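The structure appears right after this line, and notes come after that.
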Amino acid sequence: MRVAVVGGGAMGAATSWRLAHRGVDVVCYDRYSPPHSLGSTHGDSRIIRTAYFEGGWYVPLVREAFTLWRELESETGADLLTMTGALMIGEPDSAAVKGALASASTHGLEIEQLDAVELGRRYPGHIVPDGQVAVLDKQAGILNPEAAVAAMLSRTPAVVRNSPVASLSDLVDSFDAVVVAVGPWTPELIDWIPLHVERQVHVWFALDAEAAWLTPERFPVFILQSREFGDVYGIPTLDGRSAKVGRHHEGEFTDPDRIRRTVDETDIDPLRRMAAKYLRGLTGRVTRTLTCMYTNTPDRHFVIDFSPYDRRVVVISACSGHGFKFAPVIGDIAADLVCDGGTRRDISRFSAARFSSSYVPDHHDDRD
Ligand SMILES: Cc1cc2nc3c(=O)[nH]c(=O)nc-3n(C[C@H](O)[C@H](O)[C@H](O)COP(=O)(O)OP(=O)(O)OC[C@H]3O[C@@H](n4cnc5c(N)ncnc54)[C@H](O)[C@@H]3O)c2cc1C
């Protein structure tokens with residue numbers, strides 16, 4: 001069997017790796033030379049967590065992803081995953097706190113609930129207003145996206161770089177199947193999924209000389225839901241000099257051709273104010289910035305499906321700002337669809353048809 005994978009970011013690289021793993025003759029095409037910093041898979045770190053507040057149905061997938069990330073590390077010798085734990089912080093009825101607790105209870109996950117006093121005592125990097133609580137997810141940490149893409153592509157025998165695919169029809173004629181995994185470029189090739197590309201910014205602030213508590217051993221990755229700043233997240237220091245923070249969503253809609261790549265004070269100011277209010281040990285002096293893109297579906301869940309026009313074409317749009325952690329399991333699911341015509345994993349929530357007006361879901365519309 002010969003399969004073309006279009007895109008060599010997180011999803012395309014993972015699909016290529018999992019297809020090659022099964023002995024499929026796979027060719028991965030990318031318009032640039034991945035890993036690169038022009039799409040959605042760059043910036044040194046991505047959060048992986050298990051007590052998934054976006055929906056308990058993600059938990060089995062993330063568990064499989066952990067196994068596959070470790071498998072990739074042992075196949076390639078790459079150092080990809082650092083366990084830190086994750087803190088979901090907010091008011092007790094916030095979506096992050098309630099959703100993480102619901103997932104943990106359904107799936108028997110190892111978590112702890114911390115009140116404001118305990119959170120501040122245990123993690124001096126956090127300044128905790130009264131009334132905030134946290135869920136500590138023990139099965140969580142940081143992945144290195146660039147190293148992960150490099151590792152997955154190193155297991156792919158044929159990678160064709162700097163080769164944009166202009167249309168799928170030639171590939172469909174020359175291969176048995178085509179997997180489209182082009183992230184924010186998806187609307188250029190596919191017009192049957194409603195997608196919005198959103199500009200996102202990462203900012204690194206210099207550490208106070210004293211701030212020894214912001215290391216991966218002492219500062220879990222965190223997601224904070226706050227009324228003033230929306231959803232924000234942070235990563236422990238990876239270089240001992242700076243730490244990265246970002247806002248989840250809140251960005252302007254854009255596309256890969258016209259995205260503003262320059263980061264200015266309007267991007268930085270809310271993050272600096274957030275850090276001053278909620279974090280201890282960051283100076284507010286910017287050491288680095290970057291822009292990246294989310295590719296959002298209307299409900300912020302993924303699309304992993306056959307084309308409704310041609311079952312030789314599988315499309316993955318697994319971003320909406322939270323896809324990276326799942327990349328190897330999503331790549332394996334795409335390989336299932338291509339090789340077996342279906343998958344043992346429950347991907348009913350990721351069907352493209354859910355966006356058509358006549359769609360009736362065949363699952364309960366609860367969080368699990
Ligand atoms: C700022 C930011 C923070 C994030 N944080 C997290 C996090 O903490 N945890 C998490 O799980 N997820 C996170 N995500 C989401 C995650 O990073 C994305 O879901 C994931 O990287 C998407 O990968 P992709 O392969 O779909 O897209 P991309 O990485 O954009 O890859 C698409 C590839 O397709 C190529 N391409 C495009 N068009 C063509 C063409 N016509 N022909 C050939 N090649 C083409 C591009 O060059 C590119 O390499 C974050 C995303 C961003 C932007």
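Numbers for the structure displayed
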read-out: Backbone N under 15 Å from the Ser358 label point (7 Å along Cα→Cβ), restricted to the range 299-315; value: 308-309
read-out: Whole-number D in µm² s⁻¹ for the range 173-246, Kirkwood Cα-pair radius fed into Stokes-Einstein, 4 °C, 1.567 mPa s; value: 81
read-out: Of Ile333, Gly125, Met152, farthest towards positive along the dipole that unit charges on Lys, Arg, Asp, Glu beta carbons give the chain; value: Gly125
read-out: Spatial separation of Cα centroids for the range 297-351 and the range 10-71, in angstrom; value: 12
read-out: Positive-end extreme of charge dipole, the chain - chosen from Thr82, Ser358, Pro308 (charges on Cβ); value: Thr82
read-out: Projected label distance in nm at Arg2 and Thr343, using a 7 Å step from Cα toward the beta-carbon; value: 2.6
read-out: Size of charge dipole - the range 186-317 - debye, nearest 20, with Cβ of Lys, Arg +1 and Asp, Glu -1, no other charges; value: 440
read-out: Surface per residue (accessible, 1.4 Å probe) for the chain, Å²; value: 41
read-out: Ranked order, Arg311, Arg122, Arg300, Arg199 - accessible area, probe 1.4 Å, largest first; value: Arg311, Arg300, Arg122, Arg199
read-out: Alpha-carbon centroids, the range 254-281 and the range 164-215: separation in whole Å; value: 20
read-out: Residue among Ile111, Ile235, Ile47 with the largest mean-square fluctuation in a Gaussian network model of the chain, springs linking Cα atoms under 10 Å; value: Ile111
read-out: Percent carbon-and-sulfur accessible area, the range 1-130, ignoring ligands, DNA and RNA, probe 1.4 Å; value: 50
read-out: Antiparallel content of DSSP bridges confined to the chain, in %, to 5; value: 70
read-out: Between helix 327-340 and the chain: long-axis angle, C-alpha atoms, 0 to 90°, nearest 10; value: 20
read-out: Approximate spin-label separation Asp191-Thr215, in nm, with each point projected 7 Å along Cα-to-Cβ; value: 5.6
read-out: With all protein chains modelled, accessible area of Arg261 [1.4 Å, Å²]; value: 90
read-out: Relative contact order %, the range 215-261, counting alpha carbon pairs below 8 Å whose residues are six or more apart; value: 28
read-out: Non-local Lys pairs in the chain, i.e. 8 or more apart or on different chains, that have alpha carbons under 23 Å apart; value: 6
read-out: Check: the range 167-222 dipole with +1 on Lys, Arg Cβ and -1 on Asp, Glu Cβ, in debye; value: 260
read-out: Enclosed volume per residue, in Å³, of the convex hull spanned by Cα atoms of the range 79-136; value: 96
read-out: Point-to-point label distance, Asp310-Asn162, nm (Cα→Cβ direction, 7 Å offset); value: 2.8
read-out: At R0 = 25 Å, FRET efficiency that the Cβ-Cβ distance of Glu228 and Asp115 yields, to 0.05; value: 0.75
read-out: Estimated dipole of the chain in Debye, rounded to 20 [Cβ of Lys and Arg +1, of Asp and Glu -1, Cα centre]; value: 600
read-out: Residue-averaged 222 nm ellipticity for the chain, from DSSP H runs of 4+ at -39500 (n - 2.57), nearest 500; value: -8000 deg cm²/dmol
read-out: Cα long-axis angle, helix 10-21 against the chain (0 to 90 degrees, to the nearest 10); value: 50
read-out: GNM result for the chain, Cα springs below 10 Å: residue of Glu73, Glu265, Glu110 fluctuating most strongly; value: Glu265
read-out: The chain - Debye-derived log10 I(q)/I(0), Cα point model, q = 0.06, 0.08, 0.11, 0.12 Å⁻¹; value: -0.21, -0.39, -0.74, -0.88
read-out: Residues whose placed amide H lies under 5 Å from that of Arg288, excluding near-sequence neighbours; value: Trp204
read-out: Nearest-10 value in Å² for the accessible area of Glu75, using the 1.4 Å probe; value: 60
read-out: The chain: most fluctuating residue of Val329, Val24, Val133 per GNM, C-alpha cutoff 10 Å; value: Val24
read-out: Arg70/Asp130 FRET efficiency (R0 45 Å; Cβ-Cβ; nearest 0.05); value: 0.65
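The values are calculated or read from the model by the stated rules, or taken from the named source; none is laboratory data. All values reported here derive from a predicted model rather than from experimental measurement. FYI the Cβ positions are ideal-geometry reconstructions off the backbone, even for glycines, and counts take in every protein chain you see. Heads up: the accessible areas ignore ligands, DNA and RNA and are worked out on the full protein's heavy atoms, side chains in. Shrake-Rupley method; radii C 1.70, N 1.55, O 1.52, S 1.80 Å.
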